Amino acid sequence: MSPTLPDPAPLRRVGIVAKIGSPDGPAVAAELGRWLTERGATVVFEQETANAIGHADGTPRAELGQCELDLAIVAGGDGTLLSMARIAAPQEIPLLGVNLGSLGFLTELQHGELFEGLAEVFAGRYSVEQRQTLRVRLVRPGHPDEEYALLNDVVITKSALARMIRIELEIDGAQVAVYTSDGLIVSTPTGSTAYNLSAGGPILDPRMGAYVITPICPHTMTYRPLVVPADVRLKVALLTDDEEAYLTLDGQIGFPLSSRDKIHVDNHPHPLRLIRVAGRGFFEVLHRKLRWGER
């Protein structure tokens with residue numbers, strides 16, 4: 001999905017989420033709060049972030065989507081941004097990621113670039129890159145259906161001591177395969193550089209729309225990763241009823257699975273909106289993260 005021009009509306013309400021476990025997280029959050037307030041913005045601190053810097057008026061992370069934010073700044077790493085993406089995407093809140101560690105795939109600015117880059121954003125000199133998100137519906141007998149907006153992936157895996165599991169995949173109602181494997185990954189192009197990459201799946205340009213479907217250690221070597229269009233509908237079912245299996249969403253939410261559970265996946269109507277201002281392209285980041293070309 002190609003970058004779009006920013007909205008002309010001024011950035012009046014800005015949310016701040018920081019990784020509290022990072023040595024720099026609380027200090028950066030406090031600096032950001034002062035900088036934004038001096039420029040007339042209303043600052044909404046996420047609750048844990050507020051607690052870490054001594055503010056008493058923080059908002060629970062799950063409620064930030066209802067705060068009518070014009071922008072949310074996430075200071076931490078890709079994992080911190082990923083957790084906020086599930087809240088921001090359905091509410092169309094643009095995210096600006098600030099990396100407090102090594103160069104990330106999702107975060108836009110390094111710590112030393114923060115205020116120079118933020119000044120560019122407030123001046124309107126930025127673009128908004130849209131990233132495909134997954135709409136995942138978990139259907140379990142005896143439980144209400146649960147729906148999630150995910151940026152990276154859906155993963156079904158066997159438990160540590162279980163034998164291989166059998167997983168059925170349907171695309172648009174047609175059976176594609178019954179995998180006997182250690183698991184299955186369904187990822188977005190953004191998520192293609194996460195677990196999918198470790199499992200031998202391809203890297204996709206995150207600006208495109210598609211699904212990558214990658215079996216984990218399949219028993220039959222003819223099963224290879226698939227890349228399918230983003231407008232199809234997937235259904236994944238666990239067929240094995242005597243082995244333990246687990247469902248993980250974006251690597252951060254998890255549920256045990258039984259053979260009666262179904263996972264429905266399609267394209268979420270609201271992509272994630274990422275602020276781009278630093279001028280680094282995906283392939284530059286890929287080259288540096290994976291150290292391509294180095295001896």
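The values are calculated or read from the model by the stated rules, or taken from the named source; none is laboratory data. Here the structure is a predicted model, which means the values were calculated and not measured. Heads up, the Cβs are rebuilt from the backbone with ideal geometry, glycines too, and the neighbour counts pull from every protein chain shown.
Would you confirm, using the coordinates I've provided, whether residue 124 is modelled with pLDDT under 95, on the phi > 0 side of the Ramachandran plot, not assigned by TED's automatic domain parsing to the domain that holds residue 258 and not in a strand (DSSP E or B)?
yes
For the stretch 271-295: of the residues being touching an Asp or Glu at 6+ places or on another chain (Cβ under 6 Å) and not in a strand (DSSP E or B), which is surrounded by the fewest Cβ atoms within 10 Å (Cβ to Cβ)?
278
Looking at the stretch 67-76, is at least one residue in contact with a Pro (Cβ under 8 Å, 6 or more places away or on another chain) and surrounded by fewer than 20 Cβ atoms within 10 Å (Cβ to Cβ)?
yes
Could you please give the count of residues in the stretch 148-166 that are within 14 Å of residue 237 (Cβ to Cβ) and at pLDDT below 95?
2
Being under 24 Å from the mean Cα position of the chain (by Cα), in a loop (DSSP other than H, G, I, E, B) and modelled with pLDDT of 95 or more is true for just one of 265, 228, 232, 236. Which residue is that?
Residue meeting the stated conditions: 232.
Determine which single condition residue 174 fails, assuming it passes every other condition in (1) over 18 Å from residue 228 (Cβ atoms); (2) hydrophobic (A, V, I, L, M, F, W, C); (3) without any contact (Cβ under 8 Å) to a residue 12 or more places away in the chain.
Looking at each condition in turn, residue 174 falls short on (1).
For the stretch 18-36, give me each residue that is of a type in the set (Val, Ile, Thr) and modelled with pLDDT of 95 or more.
28
Out of 276, 260, which single residue is of a type in the set (Lys, Arg) and in the same structural domain as residue 163 (by TED's automatic domain parsing)?
Of the residues listed, the single one that is of a type in the set (Lys, Arg) and in the same structural domain as residue 163 (by TED's automatic domain parsing) is 260.
Inside the stretch 2-95, counting only strands (runs of 3 or more DSSP E) that do not spill past its ends, which hold 3 or more residues that are in contact (Cβ under 8 Å) with a residue 40 or more places away in the chain and within 19 Å of the chain's Cα centre (by Cα)?
The strands (runs of 3 or more DSSP E) meeting that bar are 13-18, 71-76.
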